[in-house]
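Read the figures in this text as sums done on the coordinates, not as results from a lab. None of the values given here were measured: they were computed from a predicted structure. All Cβ positions, glycine included, derive from the backbone under ideal geometry; neighbour counts span all protein chains shown.
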Amino acid sequence: MNRLNKLFANKKDNLLSIYYTAGYPELNTTLDIAEALEKAGADFLEIGFPYSDPVADGPTIQHSSQQALDNGMTLNLLFEQLKDLRKRVTIPILLMGYVNPIVQFGVERFCKKAAEAGVDGVIVPDLPMYEYETLYAGFFKDNNLSNIFLVTPQTSADRIRKIDELSNSFIYLLSSSSITGGNLDVSDSIEDYYKRIKAMQLKNPTIIGFGIADNATFKKACEYANGAIVGSKFVKLLETEDYLNKIPAFIKAIRPS
Amino acid sequence: MKYGVNEQGYYGDFGGAYVPEMLYPNVEELRQKYLSIINDADFKAEFDLLLKDYVGRPSPLYYAKRYSEKYGANIFLKREDLNHTGSHKINNAIGQILLAQRLGKKRIIAETGAGQHGVATATVCALKGIECVVYMGEVDMARQAPNVSRMKMLGAKVVPAKSGSKTLKDATNEALRDWIANPVDTHYIIGSVVGPYPYPDMVARFQSIISLEAKKQLFEHTGKELPEYVMACVGGGSNAMGMFYHFLDDESVKLIAVEAAGKGVDSGHSAATTFLGREGVLHGSRTILMQTDDGQVVEPYSISAGLDYPGIGPQHAHLYKINRAQYTSVTDDEALQAGLLCCQLEGIIPAIESAHALAQLEKMKFKKDDNVIICLSGRGDKDLDTYIKYFGY
């Protein structure tokens, strides 16, 4: 049981997660942002580590990644920053990023460092299931890290079952087949997709991401899943002045209760 | 084939399909169907006919007499520059448009560096009346302006890639993002032997016509089954893989792949991937790429837009690692000088990409009767501005 499992065991509805890119807009505010988000009521966080070629991301997160790299963010520095993580933050933390920086860092070493820092899970969009299973799953298990898989409206039922089997905390449902930063798809076909997933009665909770930007889209997502993730919209807040003090109002606007 | 891809999409340690879930269904559909489609008799007949009547194949294997005298061996040029649209890129574009039709796709996207693949793709889309969107780095659009105009005349929409280095890798990122957003109706015609499996294998098969012809043609010229050397330039590596393909299992044939050293391998302005790169993941496959210690992709440099890519195809990475092919590099200056020499000795203006392979001739030690095949992958019309500026004509 890691912190994610405990969270999902105790809370089933309206979970709110926030994504942000480490090293953006300033190099050394990674933990300040995490602390502020916890105080404001976020249930868990995804801290992105930047990559030069983020193919699954739209302009907002691309920009934050490039800026973070220009600021000097690296995986080594991020783990340095995370040394005090568990002195300051108690909610579950996931790291999110692309596979190449992890491969260069060493996958086993990455998992160990993440566990030492008190990280609970990892999201690597371009790490395929086959490579995860055959090469890396052992490192994740040894370090009590959850690997989070993505599901899109095009993912087949068989594959969703397999993902459910390999997952041990939650499944990340993409609200559409798109890059990050788009609008929430509210078409009939997308409703069918959520209903189809719900009817499968998966063993893992589901969290919806991509296109969640306000209370309306958050509520919509929570009708079908255990919660939702806000990314690009929050990264945009970080572009503004005095962003740390604006975090409570941001969270309240998305989830008023 | 000993050096071919395995069922999981790997060549030794390299390959695979490192794609986000959003791309998985597209890539999986291709994986399941590509072999049955391209091995189908109807597909083969249409592919062969178009290569013959539309592309103008077989491309000649030209015995370059004055080169041969200069370098003391029998030098043959495989004339891909004479293909319709001016380079080998058309071979793959024809193959993939026929595949896309059979997959029921209504829209084509592509990335392009020098513009040769973009032009080839725009051409086959015009041929088949299919919508075409080409992503091209903003920097490349400026240095290959004639090709941008050609694509537009052929009816394609050219979208500038404005992120990162604004060159080929960024155009590839943008094309992948487009494919994520349009998963059902769109086929992505990747122009080189890169990307997630099955692309490296599929593109290599379409380009393998180069070596299939060359092998027969060499026999007609010399009565010999095999050459001593086969040489080609490598960016992503599609002309090289096409040129090597049917010689891979003939271990006596020395395969030479020439990368772009730019201003010099140690200058900080280079695209010599095997010299400067390490193993990692780029654009969907595990391969060798130029990157920082932190795993960020390094922006490459070459005067040749078609070689200005930070990785190489996974099969090349494998051939490099096991020493089946020799990877070397030549600088901008060496390539341009070789391009001019080709004009003056053989009356052929080569693409600057292909001129890299020609420049390697200067560094080789041949025996008198050695037969050497070099892939002249494209013609130099698109590079006239660069040549003119460099030599001051």
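Quick notes
- GNM on chain B, alpha-carbon springs under 10 angstrom: the most fluctuating residue among B:203, B:184, B:258 is B:184.
- Peptide A:69-75, shielding by other chains (average Cβ, 10 Å cutoff): 2
- Longest site-free stretch - chain B; sites: trypsin sites (Lys or Arg not before Pro), DSSP loop, at most 14 other Cβ within 10 Å: B:225-364
- Dividing the summed helix terms, -39500 (n - 2.57) for each DSSP H run of n ≥ 4, by the number of residues in the protein assembly as shown produces a 222 nm estimate of -12500 deg cm²/dmol to the nearest 500.
- Take each residue in B:90-97, count the other chain C-beta atoms within 10 Å of its C-beta, and the mean is 0.
- For chain A, the square roots a ≥ b ≥ c of the C-alpha gyration tensor eigenvalues yield an a/c under 1.5, which makes the shape rounded.
- A straight chain from residue B:84 to residue B:127 at 0.36 nm per residue would run longer than the Cα-Cα distance by 14.2 nm.
- Across region B:50-174, the mean sequence separation of Cα contacts (distance under 8 Å, 6 or more residues apart), normalised by length, yields a relative contact order of 19 percent.
- Working from Cα pairs under 8 Å separated by at least six residues, relative contact order for chain A is 24 percent.
- With a simple spin-label model that places each label point 7 Å from the Cα along the Cα-to-Cβ direction, the separation between residue B:251 and residue B:48 comes to 3.3 nm.
- Net +/- balance of residues flanking residue A:63 in space, Cβ distance below 12 Å, scoring K and R +1, D and E -1: -1
- Simple label model, 7 Å out from Cα along Cβ direction - residue A:109 to residue B:3, nm: 3.3 nm
- Among A:96, B:136, B:151, the order by Cβ neighbours within 10 angstrom, fewest to most, reads A:96, B:151, B:136.
- Range in chain B, longest, excluding exposed GluC sites (Glu not before Pro) [loop by DSSP; at most 13 other beta-carbon atoms within 10 Å]: B:8-224
- C-alpha center-to-center spacing [region B:323-346, region A:130-172] in angstrom: 48 Å
- With the simple model of a label 7 Å out from the Cα in the direction of the Cβ, residue A:9 to residue B:343 spans 7.6 nm.
- Cβ-based exposure ranking for B:40, A:43, B:383, in which fewest neighbours within 10 Å come first: B:40, A:43, B:383
- Per residue of peptide B:294-304, the mean number of Cβ atoms on other chains within 10 Å of the residue Cβ is 4.
- With at most 15 other Cβ atoms within 10 Å, longest stretch of chain A clear of loop GluC sites (Glu not before Pro) (DSSP): A:27-238
- Residue among B:100, B:145, B:110 with the largest mean-square fluctuation in a Gaussian network model of chain B, springs linking Cα atoms under 10 Å: B:145
- Summed residue charge, Cβ within 12 Å of residue B:98's Cβ, Lys/Arg positive, Asp/Glu negative: 0
- Prolate/oblate/rounded label for region A:98-241 (Cα gyration tensor, a/c 1.5): oblate
- Note on the protein assembly as shown: with charges restricted to the Cβ of Lys and Arg (+1) and Asp and Glu (-1), its dipole about the Cα centre is near 640 debye.
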